[in-house]
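One structure below.
The values are calculated or read from the model by the stated rules, or taken from the named source; none is laboratory data. Only a predicted model underlies this, so the values are computations on that prediction, with no experimental measurement involved. Every residue, glycine as well, gets a Cβ built from its backbone with ideal geometry; the counts of neighbours run over all protein chains shown. When the accessible area is computed, the model is the full protein with side chains, heavy atoms only, and any ligands, DNA or RNA have been set aside. Shrake-Rupley method; radii C 1.70, N 1.55, O 1.52, S 1.80 Å.
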Amino acid sequence: MSALDIAVRLVYLAAATCFVVGLHLMNSPATARRGNIFSAAGMWAAVVATLAIILASGTVTPVGWTVIALGTLIGTGAGLYTARSVAMTAMPQLVSLFNAVGGGAAALIGIHDYLRFGGPAGELTGAATTAVTLDVVIGTVAFSGSLVASAKLQGWVAGRPLLLPLRGAVNALVAAVIVVAAGFLLGGPGGTLALAVMVVAALVLGVLVVLAIGGADMPVVVSLLNACTGVAVAMAGFVIGNAMLIIAGALVGASGGILTKLMADAMNRPIRAILVGGYGTGDTAAGLPAGAGEGVRTIDADDAAIRLAYAGRVIIVPGYGLAAAQAQHELHELAELLEERGVRIDYAIHPVAGRMPGHMNVLLAEAKVPYAQMREMDEINPEFNRADVALVVGANDVTNPAARRPGTPISGMPILDVDRAETVIVVKRSLGHGYAGIDNELYTDPRTRMYLADAKTALSALGTAVKTLVG
Amino acid sequence: MSALDIAVRLVYLAAATCFVVGLHLMNSPATARRGNIFSAAGMWAAVVATLAIILASGTVTPVGWTVIALGTLIGTGAGLYTARSVAMTAMPQLVSLFNAVGGGAAALIGIHDYLRFGGPAGELTGAATTAVTLDVVIGTVAFSGSLVASAKLQGWVAGRPLLLPLRGAVNALVAAVIVVAAGFLLGGPGGTLALAVMVVAALVLGVLVVLAIGGADMPVVVSLLNACTGVAVAMAGFVIGNAMLIIAGALVGASGGILTKLMADAMNRPIRAILVGGYGTGDTAAGLPAGAGEGVRTIDADDAAIRLAYAGRVIIVPGYGLAAAQAQHELHELAELLEERGVRIDYAIHPVAGRMPGHMNVLLAEAKVPYAQMREMDEINPEFNRADVALVVGANDVTNPAARRPGTPISGMPILDVDRAETVIVVKRSLGHGYAGIDNELYTDPRTRMYLADAKTALSALGTAVKTLVG
Amino acid sequence: MVPGALDDLTVFLLSLLVGFEVISRVPATLHTPLMSAANAIHGVVLVGAMLIAVTADTPAGYALALVATAFAAMNAVGGYVVTDRMLQMFRAPGRADAPDRTGTDTGGGGDQ
Amino acid sequence: MVPGALDDLTVFLLSLLVGFEVISRVPATLHTPLMSAANAIHGVVLVGAMLIAVTADTPAGYALALVATAFAAMNAVGGYVVTDRMLQMFRAPGRADAPDRTGTDTGGGGDQ
Ligand SMILES: NC(=O)c1ccc[n+]([C@@H]2O[C@H](COP(=O)([O-])OP(=O)(O)OC[C@H]3O[C@@H](n4cnc5c(N)ncnc54)[C@H](OP(=O)(O)O)[C@@H]3O)[C@@H](O)[C@H]2O)c1
Ligand SMILES: NC(=O)c1ccc[n+]([C@@H]2O[C@H](COP(=O)([O-])OP(=O)(O)OC[C@H]3O[C@@H](n4cnc5c(N)ncnc54)[C@H](OP(=O)(O)O)[C@@H]3O)[C@@H](O)[C@H]2O)c1
């Protein structure tokens, strides 16, 4: 081992440490950004060290150099461009896309290694072939699954669960094909054909599994596929004998796995149930029967504006509908108008409001809502009974009192206690369901007034009405 | 590598995982005991696997077998006997003793390895010699230091800091000897003499450093030496090429290091200051001027018994003096007498009351105080202003209001708010200082009554007085 | 099974343990950025992609290496940048609160 | 420096990281048992002591091995036993509380 080799391996170890420290710092909002920079610095050092070792080896052909340069350039360009230009609301699909390409790269490394060294006459040991097989299967599933997840989140594929007939049987068949092909590679004659069959089957499996899952479950699925990519990268590390890949991959595999569980727990949904699919309607279709419910009291813009403008204290509860309508700016304008009139404004942020964790924080931050006004659930809940109006905008499940009773799909999920406020004004398009697909008793509560309209339209109308009132 | 070798290494990996899971479970009282059993199971498996590999090797001489059997037997016997028979209050010195022998064993492994393979003509690589040297030095310091700590805690060596003249210079000299001897081993001719000099110097250094530290700082010192032994064991793992020793040792080294910091933080003392030594008086000497303070109101047994017996609610604050007087049973009897009279009793447990973390919990549990009556600081503090009497028994620093002001040695340490109770009765032998060595303003508070006596005597007297009152 | 594979397995297992332990009590609002940060970390597969480009010597090999490198670089670079963008949105409470508290303190004076 | 040493270093580093992460938010009352539990874990040096007894072949070597084995066994066995004794003292709040709560619920009935 040359001094350079030793130095590079030490840099790799340092990089791995940076990844761990970076993840550790992500545990708290105050240090999270520093953690990400730490982690990026480790990555940078690892890549530079690798370049050094490639340079020193002196065996790289000009074509090899071109490939490295071109590939890195294209990838960096594509990554930078998309990451910088995408709208804040489209982040989850972008993360999923990046995860897809990561899984793809890991799978390609395995494929390349098998094509070069594997097969009956090859020099791969049993352990190495096992690693190659796991790498290719897991990486490929993560690749195609993440692409579908990304497309669902983007709306290019229908968000609702796509349930093929005989779904269970088809999935089992595809899985069996993968197992048989893997058996060929591991114990049998192996060969390129078996590899190709395995890759295609893994691609199909990823697509089928994720298609069957509702769009709203996607953040959990993306997190799980993220963990899969981590494991695939670790396997790629086994294949090429690189400890840093093993460390980084296993790290992401384990922490991503835990994170997936945390996310599922926060929504009160078991991971198994999510993976089986078929749950949730994705984005609720507009045009459900409006105001057909019995005992429901509606309200119009002027009336609502008066209640808001003459309130001492208003607590705003944003939900998925606000994000879907892209109405965060209108909401903030309305809030500012009210504040000018001396109304005290707070935003009550439920941890799983919206479709990804932190969705509402990000959305409101984008509209420049002051951080101090965004209040966490535990903090704001005791204050609802001192509020004159709770203004619920496009939120449904996170305000549903049914969660306090056992036996409903959302039982046990902590909710925002909006029904303790003097008056509740709910802005949504219909009496339709939210993510969990159940009726909301809040809507028939005598203190509740429903303002049935698209959030963007409704909030602009409210803003105009308040201005008229003042002017 | 034979199948057995592989199996043994897999068992080692499983054992290492058990150690990690065991430590993880120790984070909460509910799972702590299970964690310890987990960890012990890992150890058991590792030892059995090692036996299997030794058996299979077939190269062990009869003397070798005798050595293994005899050594294990003696060690197990000694460990079992002391661990089972020792009084609950003597636990810390026993832990320190076990730590000493662990460090000694690690050092002996290094010494053995050097004697066999080291030296100028030896086959040890540079890296291995470095590991041997670190192993021997750290292990030896942990050995002698832990023995002294154990003796201090046991009272065989004076608890107060033993400050030699020219201490700094002497310590520096001994350290220099170690460095020079290590230089001989690493870069120079090496040899048994250099090794022997290094070992003796390390023994002396451990003794000197710990002698200079006050007895009450010992729990932190034991924890630090514990971490040192961990590192020494990891180095022994490097020396004999055993990954499990490396993992277990590094695990203890790191977690022990963090724990040391947590313990020092809980007492509001920087680790550096502890290691420099000279702080604290160890166990306060009895016979300080009793009741000499101005504005101090004393109380006798009968008067105190009346106040206690006619109270609605009494909060008992135990401290180091209770442990020193071994008066926990008398305290519990008194509490039961009061409860029979309908007085509500709670015990307020400060996290660093006493001389080791959890000291009071263990002490009171031994006297069979119900768990529900032991209340943590944060929980009980808001209730002091509803208590008729706060009965402080042998506690001093943890009740000192000076902690609320900056600029004192205990500033910033959270305290029990006894001075919010209607009456405070303090049982201790004198107006002498506690661990931190500062006056306690509580004693001159108009609501405070001092009952100056040994805790055991005082509590028996109070019990008798309460009985007389009732009878 | 070779000793090397056992060493690798040891490293893998330990890293899994680190991964399990490191996510201790992350608040729900940080779940998305954390997912994104973990996603960026496995972009380190770029190192592997670069190394296979070195051993490639057929057109197919070069093609695989090119795609792998591009994919991995996109994962790494895009992952870190997008995580940073998300975290920018989570402004530290301290900074945002500070002017607010000052505002309360000097509230009376501001009306003069 | 040989590759083996680098592998060992990797394992060492990762184990340090696990150790740092594993002690997350242990309450102060568990500090002593935790210290004792960690102390028991390094009793695994017993495995090392047994292995040197195998390679020993001089009287001095046997003597070292004997002392090392005895020391290590004492560390391991004593460490676990004493930790268990300590933890027995920390009865689970749940168990102790449960009868208490029942007591409150049926408090009225108990007086009959
Ligand atoms: N945050 C996460 O990590 C995450 C991830 C996955 C799933 N979830 C789940 O998502 C739910 C979040 O609760 P939530 O209260 O925020 O949302 P929700 O319960 O899904 O309800 C959203 C509501 O917004 C309304 N809406 C949709 N588009 C609208 C528009 N353009 N204008 C006005 N209203 C519109 C819909 O009613 P109309 O059709 O009548 O308008 C719908 O009832 C929870 O059940 C949670 O478990 C959360
Ligand atoms: N728990 C830990 O982990 C730990 C470890 C190391 C240090 N410490 C430190 O120890 C202190 C603990 O506070 P603390 O209030 O429990 O104890 P303390 O402040 O040390 O005071 C103990 C008091 O007990 C009295 N006492 C001694 N023997 C007695 C006897 N036989 N009968 C009656 N009274 C007796 C002494 O006063 P007289 O001489 O007047 O009787 C002394 O003032 C803190 O400063 C803490 O930081 C704690």
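The alpha carbon gyration tensor of the stretch A:291-333 gives principal lengths a ≥ b ≥ c with a/c of 1.5 or higher and a/b no greater than b/c, which makes the shape oblate. Computed from backbone phi with θ = phi - 60° and the Karplus coefficients 6.51, -1.76 and 1.60, the 3J(HN,Hα) list for the stretch A:304-310 is 4, 4, 5, 4, 5, 5, 9 Hz; x is used for glycine and proline. Under 5 Å from the amide H of residue B:319 lie the amide H atoms of B:393, B:395, each residue being 5 or more positions distant or on a separate chain, with H modelled from the backbone and absent for Pro and chain starts. Taking the empirical scaling 2.2 N^0.38 Å for compact globular proteins as reference, the stretch A:289-378 has a Cα radius of gyration ratio of 1.16.
Axis of helix B:3-25 versus longest Cα principal axis of chain B: the two differ by about 20°, to the nearest ten degrees. Shown is the FRET efficiency for residue A:420 and residue B:28, computed with R0 = 25 Å from the Cβ-Cβ distance and rounded to the nearest 0.05: 0.15. For residue A:340 and residue A:193, a Förster radius of 60 Å and the Cβ-Cβ distance give a FRET efficiency of 0.25, rounded to the nearest 0.05. The length gained by stretching the chain between residue B:433 and residue B:372 to full extension, at 0.36 nm per residue less their Cα-Cα distance, is 18.8 nm.
Spin-label model, residue A:298/residue A:386: points 7 Å from Cα along the beta carbon direction are separated by 3.6 nm. Principal axis extents of the Cα atoms in the stretch B:1-147, from largest to smallest and rounded to whole angstrom, are 53, 39, 32. Ranked from shortest, the separations from the 7 Å Cα-to-Cβ label point of residue B:6 to its equivalents in the other copies are 3.3 nm.
The residues of the protein assembly as shown have, on average, 38 Å² of accessible surface per residue, using a 1.4 Å probe with all protein chains present. At 7 Å along Cα-to-Cβ for each site, give me the label-to-label distance between residue B:70 and residue D:57 in nm. Result: 2.1 nm between the two label points. Across q = 0.21 Å⁻¹, the stretch A:344-471 modelled as identical point scatterers on its alpha-carbon atoms has Debye log10 I(q)/I(0) values of -1.51, in the order of the q list.
Between identical copies, the spacing of residue D:57 label points, each set 7 Å from Cα toward the C-beta atom, reads 4.7 nm from nearest to farthest. Over the stretch B:94-220, all Cα pairs binned in 5 Å intervals from 0 give whole-percent P(r) values of 2, 12, 20, 20, 16, 13, 9, 5, 2, 0, listed from short to long. Under the convention that each Lys and Arg Cβ holds +1 and each Asp and Glu Cβ holds -1, the size of the dipole of the stretch B:353-459 around its Cα centre is about 260 debye. Counting only heavy atoms of the protein chains and using a 1.4 Å probe, residue A:47 has close to 30 Å² of accessible surface. Interface burial in the stretch B:201-236, defined as at least 20 Å² less accessible area with all protein chains than with the chain alone at a 1.4 Å probe, covers B:226, B:233.
Would you mind telling me the share, in percent, of accessible area of the protein assembly as shown contributed by carbon and sulfur at probe 1.4 angstrom? Summing carbon and sulfur atoms, their accessible area is 63 percent of the total for the protein assembly as shown.
Net length available on complete extension from residue B:14 to residue B:158 is 47.4 nm, with 0.36 nm assigned per residue and the Cα-Cα distance removed. Between residue B:87 and residue B:464, the simple spin-label model (points 7 angstrom out along Cα→Cβ) gives 2.2 nm. For the chain pair C and D, the buried solvent-accessible surface (1.4 Å probe, both sides summed) amounts to about 900 Å². Tell me the angle of helix B:243-266 to the major Cα principal axis of chain B, expressed in degrees between 0 and 90 and rounded to the nearest ten. Tilt relative to chain B: about 20 degrees. Normalised Debye scattering of the stretch D:1-74 at q = 0.12, 0.17, 0.27, 0.28 Å⁻¹ gives log10 I(q)/I(0) of -0.55, -0.87, -1.08, -1.10, counting only Cα atoms as equal scatterers and leaving out solvent. Sequentially through the stretch B:136-147, phi angles give Karplus couplings (6.51, -1.76, 1.60; θ = phi - 60°) of 5, 5, 5, x, 5, 4, 4, 4, 5, x, 5, 4 Hz, Gly and Pro residues having no value and appearing as x. With the convex hull constructed from alpha-carbon coordinates only, the protein assembly as shown shows a mean projected area of 55.1 nm² over all directions. Computed from the Cβ-Cβ distance with R0 of 30 Å, the FRET efficiency linking residue A:200 to residue A:272 stands at 0.65. With a threshold of 25 Å on the Cα-Cα distance, the over-threshold entries among B:368/B:428; B:261/B:428; A:261/A:456; A:261/B:261; B:261/B:456; A:261/A:368 are B:261/B:428; A:261/A:456; A:261/B:261; B:261/B:456; A:261/A:368.
To the nearest 10 degrees, how steeply does helix A:192-211 sit against the main Cα axis of chain A, on a 0 to 90 scale? Around 10 degrees separate the two axes. Reducing the stretch B:356-426 and the stretch B:170-207 to their Cα centroids gives an inter-centroid distance of 47 Å.
Take the Cα radius of gyration of chain A and divide it by 2.2 N^0.38 Å, N being the number of residues; the result is 1.15. Among the protein heavy atoms, those of residue B:408 account for about 30 Å² of accessible surface (1.4 Å probe, every chain in place).
If every alpha-carbon in the stretch B:29-101 counts as one equal scatterer, what log10 I(q)/I(0) does Debye give at q = 0.16, 0.21, 0.23 1/Å? For the stretch B:29-101 at q = 0.16, 0.21, 0.23 Å⁻¹, log10 I(q)/I(0) is -0.81, -1.11, -1.18. Its convex hull of Cα atoms gives the stretch A:133-204 a direction-averaged projected area, equal to a quarter of the hull surface, of 5.2 nm². Interface C-A: total buried accessible area of about 8100 Å², 1.4 Å probe, protein heavy atoms only. With the label put 7 angstrom out from Cα along the Cα-to-Cβ vector, residue B:200 ends up 8.0 nm from the copy partners, going from closest to farthest.
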